[in-house]
Amino acid sequence: MKKSQHEHICVAQYLRMSTEHQRYSIENQEEYLKSYASQHNMLIKHTYNDAGKSGVTLSGRDGLKQLLTDVLSGGINIEAVLVYDVSRFGRFQDPDEAAHYSFLLKQHKVRVIYCAEPISDEYPGIAMLALPVLRFGAANYSKNLSDKVFLGQINLAKKGFRQGGLCGYGLRRLLIDENNKPKEILRFGQRKSIQSDRVILIPGPNDEVDVVNKIFDMFIFGNMPEFLIAQKLNESNIFGENKLKWTRSKVNQILTNEKYIGNNVYNKNSFKLKSKHIKNDESDWVRCENAYQPVIKKRKFLLAQKIIKVRGEHYSNENILAYLKDTLSKVGSINKKIIDQDDIGPSSYLIASRFGGLISAYKLIGYKPLIDYSYVDINQKLRKNKVIFLERIKASFNYFSCGTSSETRKDIIINGEVVVNALIAKCSVKNPSNVKWNINFNNIKGADILLVIRMDSTNKDIDDYYIFPSIEAFHNKLTLKQKNILSHDVYRFDDLSLLYLLLKPVNVREVRCNELQPH
């Protein structure tokens, strides 16, 4: 990339910051890159900016998307992209994603230069080793930060402080200082600006509180279902939250949410690091009772819950299946959304809980959804088989005189010291040339060895094993194919005999004596 003294190297600069630290402000990055360009005979011709954007995914990062589009389409003529450091390019949870975007640029003869990182062009071999480590560090920073934030939120939720989300009809968000003294009621979309401040819920205006109580009264004493309550409120020109009309689901939300009796409930759903929303089991919820001043009496709330529970029991299995058949004949298809939009039928939650899932209910009426949900059955069978596999592995360890125990359904503790965490890798077959196994290491903590049990194409029998030392499993997600790179397949084994022998306890004194014996 050498040019004459008077001929500049044309480059672009990419700037990104979330909200994490002033050191990474757009202005500071821009000043640093300007100085770097000046020292290296470069001319910054284009600027791409993702201010206030997370680096965990490409989603929402219009600046980086535009940069890739411009380079790949030939819309700009540059030789390099200047970035402050590896973390500014992205904290992608799969480091291969960052490498992929860099490679796309490299294919079009555009290098990515991390100006503040000690990566020299003079030693490309060292750069090839250093970059994956730096990418892993950037990804791991976000994961560790996410874990710390989550633990902090749990701690605050246990103390009764609100952790985001809409307050709901009949309630308001009150901002309090570190001494629990009220400061102001937050408007819709308004957030706290001081870190030490906290948010709690308080009853809203009297007219809204009266409507919430009216909803419970109509449901408990008037024997009105949710859709009829919504209809009555709309006919009376009583608007819901944000001046919107009432619906069956909005009424049901009020009838079933514990915040109306003053309980602070957190972690019903998870959405970490831009991943998909996960509905958590009730055992994982964080609950602080009597955290707020209630809007309705607890006795009234519990009566409503009892009615909802008994109402579900009034639907026999035959009634539910007849309802599904009738809906299918009228609409032509059936899914969760269609079920829940019907104001007079059973809810999708009730159907799923009664038959072990919506798919199981569909099968009983002979309906096959347009989307293939066969993976649900496969996952259920694999969960059952995993227990069997782990018991077999434990028995084999015991055969080799290894003591085994478990603290979770995933791990095997060998001799009270070495933790082996086992994962089942389901085989996904799209066509004979596209067979893969997706492995998720996200929830692995405290393991010394990661044992991946790879299933065959039928997902009934074990194909082979991958035995990763935890220090090597630096990807949150890993995709294996039939043929993999050497750095992956070096850990592949047809059986676990080597693992048993490695962890088999030995008598140190006997080993030492054998070493001293003349050969």
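The values are calculated or read from the model by the stated rules, or taken from the named source; none is laboratory data. What you see is a predicted model, and the numbers here were worked out from it, not measured in a lab. Note: ideal-geometry Cβ built from the backbone for every residue, glycine included; neighbour counts use all protein chains shown.
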Residues of segment 201-223 that turn out to be more than 16 Å from ASN237 (Cβ to Cβ) and of a type in the set (Asp, Glu), as a count: 1
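Can you list the helices (runs of 4 or more DSSP H) found entirely within segment 214-331 that contain at least 3 residues being under 25 Å from CYS167 (Cβ atoms) and modelled with pLDDT of 90 or more? Before you say what the answer is, go through the steps one by one.
Numbers: elements: 226-235, 248-256, 298-313, 317-331.
Hits in segment 214-331: 226-235, 248-256, 298-313.
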Some residue of segment 83-102 being surrounded by 12 or more Cβ atoms within 10 Å (Cβ to Cβ), part of a loop (DSSP other than H, G, I, E, B) and either touching an Asp or Glu at 6+ places or on another chain (Cβ under 7 Å) or at pLDDT 85 or above (or both): yes
Subset of segment 412-454 (residues that are in contact with a Ser or Thr (Cβ under 8 Å, 6 or more places away or on another chain) and aliphatic (A, V, I, L, M)): ILE412, ILE413, ILE414, VAL429, VAL435, ILE439, ILE444, ALA447, ILE449, LEU450
Close pairs from segment 440-452: first in the same structural domain as SER470 (by TED's automatic domain parsing) and on the phi < 0 side of the Ramachandran plot, partner assigned to a loop (DSSP other than H, G, I, E, B) and at pLDDT below 70, Cβ under 6 Å, at least 6 apart: PHE441/ALA473; PHE441/ASN476; ASN442/ASN476; LEU450/ALA473
Scan of segment 162-220 for residues that are loosely packed, with under 13 Cβ neighbours inside 10 Å, more than 20 Å from ASN263 (Cβ to Cβ) and either of a type in the set (Val, Ile, Thr) or not assigned by TED's automatic domain parsing to the domain that holds VAL295 (or both), ordered by number: ILE194
Odd one out for ASP50 among (1) in a strand (DSSP E or B); (2) modelled with pLDDT of 90 or more; (3) buried (at least 20 other Cβ atoms within 10 Å of the Cβ): (2)
Scope segment 337-349; condition at pLDDT below 80 and in a helix (DSSP H, G or I); matching residues: LYS337, ASP340, GLN341, SER348, TYR349
Yes/no for VAL133 being at pLDDT below 75, within 30 Å of ASP85 (Cα to Cα) and β-branched (Val, Ile, Thr): yes
